[in-house]
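The values are calculated or read from the model by the stated rules, or taken from the named source; none is laboratory data. All values derive from a computational prediction rather than experimental measurement. All Cβ positions, glycine included, derive from the backbone under ideal geometry; neighbour counts span all protein chains shown. Quick note on the areas: whole protein, heavy atoms, side chains included, nothing else; ligands and nucleic acids left out. Shrake-Rupley method; radii C 1.70, N 1.55, O 1.52, S 1.80 Å.
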Amino acid sequence: VDRDALEALHQVARAVERGVNYFDTSPDYSRTGSEQVIGKALEPHRDKVYIASKFCTADGHLPVESSVAEIMAAVEASLTRLQTDYLDVCIIHEVNSIERLMAP
């Protein structure tokens, strides 16, 4: 783990100590680095925090025509990086069209 990652781990742990209990992240924040750091730092505090992430990949948002299986795979990958078996909130970005909203 590099120095920046260690500092990020420390900052997240410090935030929890100071009462922060909601963390919002995404696979495309720092090419999955955000989820990895937050997962590692929050693992001992999971029962005290809320975690939100998005269903996308390190490369960005999933296309409108993405299958349910592709969406589930993206969420499962996030769960692995976050070292948890559930998200408190799972967000879809760019719901700016009826096609996006009505996709399976």
Exercise. Could you look through the range 52-70, keep only residues that are at pLDDT 90 or above and over 13 Å from the mean Cα position of the chain (by Cα), and pick out the one that is least open to solvent (accessible area, probe 1.4 Å)?
Key: Ala69
Self-check item: Count - residues of the range 22-51 that are in contact with a strand residue (DSSP E or B) (Cβ under 6 Å, 6 or more places away or on another chain) and either charged (D, E, K, R) or surrounded by fewer than 15 Cβ atoms within 10 Å (Cβ to Cβ) (or both)
Solution: 4
Self-check item: Leading residue by the ranking (most open to solvent (accessible area, probe 1.4 Å)) among those in the range 83-99 that are farther than 9 Å from Phe55 by Cα and in contact with a strand residue (DSSP E or B) (Cβ under 6 Å, 6 or more places away or on another chain)
Solution: Glu94
Quiz item: Is the range 61-68 home to any residue that is touching a Lys or Arg at 6+ places or on another chain (Cβ under 9 Å), of a type outside the set (Lys, Arg) and in a strand (DSSP E or B)?
Solution: yes
